[in-house]
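Remarks on the structure that follows.
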């Protein structure tokens, strides 16, 4: 995959357009931001404050793979390998069910 530059902000925009074909625009950017923050540690605010953030080729490939999985409707929790439940961060994979927010109300 060849990009003009490795600027995270440009990659984010391009991938958001791809995701918006299958998700609502607000949801697509939110999913992408979850992946970016989980994989690389850059929050939405951090990206806005430093638009010159560049990713390495391996990081771009990792992000691209995550976007492909999102396009296949794989839950973002499985992609990043974790989720939050009752203020606890849990590790998850395809072998376990992702706790639903409604379950927190029951507990």
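The values are calculated or read from the model by the stated rules, or taken from the named source; none is laboratory data. Predicted, not measured: the structure shown is a model, and the values here were computed from it. Reconstructed Cβ throughout: ideal geometry from the backbone, glycine too, with neighbour counts over all protein chains shown.
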field: Residue list for the range 10-29, restricted to those being modelled with pLDDT of 90 or more, in a helix (DSSP H, G or I) and surrounded by fewer than 16 Cβ atoms within 10 Å (Cβ to Cβ)
entry: 10, 13, 14, 17, 26, 27
- prompt: Is there a residue being assigned to a helix (DSSP H, G or I), in contact (Cβ under 8 Å) with a residue 12 or more places away in the chain and touching a strand residue (DSSP E or B) at 6+ places or on another chain (Cβ under 8 Å) anywhere in the range 75-88?
  reply: yes
task: Kindly list, by first and then second residue, each pair from a residue in the range 8-32 that is touching a residue at least 24 places away in the same chain (Cβ under 8 Å) and at negative phi to a residue that is surrounded by 16 or more Cβ atoms within 10 Å (Cβ to Cβ) and not in a helix (DSSP H, G or I), limited to pairs with Cβ atoms under 8 Å and residues at least 6 apart or on different chains.
output: 8/42; 8/53; 8/55; 9/53; 11/55; 31/23
- line: Checked against (1) loosely packed, with under 11 Cβ neighbours inside 10 Å; (2) modelled with pLDDT of 95 or more; (3) in a helix (DSSP H, G or I), residue 68 satisfies every condition except (1)
